[in-house]
Amino acid sequence: MKYRREFEIAYVGLKNGTHTYTYNIGKPFFDLVEADSSEFEAVEVQVVVHFDKHPDFFELKFEINGAVAVPCDRCGDVFNLPLWDEFNLVIKLKEPTGEEEGDDTEDDGDIVFLSKNETVIDLSEWIYEFLLLSMPMQKIHPVDADGNSTCNKENLALLEKLTQQALEAEEKAKEEETKSIWKGLDAFRDKNNN
Ligand SMILES: [Zn+2]
């Protein structure tokens with residue numbers, strides 16, 4: 001687990017003030033946090049973390065900048081989805097109470113508590129979480145300067161054709177099913193009438 005150590009901040013020995021860490025995130029990072037990266041063809045994201053140390057709390061700012069190559073939700077072609085986002089996090093130190101490191105979240109958002117027993121802060125889970133948050137729900141080709149979709153038009157036409165065919169096949173299957181139900185009923189009637 002040497003790789004993960006890269007994401008740990010040994011804050012105890014740090015001076016108060018801001019420290020900056022830069023991480024280049026690729027597909028191996030997803031293995032590291034045991035997350036599925038199969039929906040991404042490629043991941044190339046830089047995460048810059050500004051870690052501002054105060055005596056009893058830390059202010060963190062995560063700057064996400066890069067792109068993921070993903071299949072378009074509409075046309076299926078792989079394209080580069082640019083990512084750019086910023087997230088803030090406050091970590092407060094608390095007296096150890098024997099409980100596990102809590103992620104009790106206060107009303108105003110991202111405040112987490114860390115037991116004073118801990119000596120390092122592992123950023124990997126947060127980086128993963130913020131990376132996901134920086135992605136839009138729908139991953140669709142952007143529009144060009146004229147406002148036109150840059151989706152693969154051939155794919156869309158084909159998709160429409162296939163959808164139509166699937167609908168027709170479904171209709172047909174339903175008809176057949178109805179027919180066979182009536183056939184079964186008829187046979188049932190015949191049997192009872194005899
Ligand atoms: Zn598309």
Notebook entry, point to check: If we scan the stretch 49-68, do we find a residue that is within 16 Å of the ligand (Cβ to nearest atom) and among the β-branched types (Val, Ile, Thr)?
Noted result: yes
Checklist line | Checklist (1) more than 27 Å from the chain's Cα centre (by Cα); (2) not in a helix (DSSP H, G or I) applied to Glu154, failing item | finding: (2)
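Residue-by-condition table, conditions (1) among the aromatic types (Phe, Trp, Tyr); (2) more than 16 Å from the ligand (Cβ to nearest atom); (3) under 30 Å from Phe51 (Cβ atoms); (4) in a helix (DSSP H, G or I):
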| site | (1), (2), (3), (4) |
| --- | --- |
| Phe113 | yes, yes, yes, no |
| Tyr128 | yes, yes, yes, yes |
| Met135 | no, no, yes, no |
| Lys161 | no, yes, no, yes |
| Glu168 | no, yes, no, yes |
| Ser180 | no, yes, no, yes |
Check: Considering the stretch 137-151 alone, what residues qualify as being within 11 Å of the ligand (Cβ to nearest atom), assigned to a loop (DSSP other than H, G, I, E, B) and either over 30 Å from Val47 (Cα atoms) or open to solvent by 70 Å² or more (accessible area, probe 1.4 Å) (or both)?
Finding: Gln138, Pro142
Next item on the list: Could you tell me whether Asp107 is among the charged types (D, E, K, R), open to solvent by 80 Å² or more (accessible area, probe 1.4 Å) and modelled with pLDDT under 95?
Entry: yes
Next item on the list: Quick one: which residue in Glu154, Glu129 is closer than 30 Å to Lys92 by Cα and either in contact with an Asp or Glu (Cβ under 8 Å, 6 or more places away or on another chain) or surrounded by 10 or more Cβ atoms within 10 Å (Cβ to Cβ) (or both)?
Entry: Glu129
Next item on the list: Check Glu44 against each of (1) touching a Gly at 6+ places or on another chain (Cβ under 7 Å); (2) exposed (fewer than 13 other Cβ atoms within 10 Å of the Cβ) and name the one condition it does not meet.
Entry: (2)
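The values are calculated or read from the model by the stated rules, or taken from the named source; none is laboratory data. These numbers were taken from a predicted model, which means no experiment stands behind them. Cβ: placed from backbone, ideal geometry, glycine included. Neighbour counts: every protein chain shown. Only protein heavy atoms, including side chains, enter the accessible area calculation; ligands, DNA and RNA are left aside. Shrake-Rupley method; radii C 1.70, N 1.55, O 1.52, S 1.80 Å.
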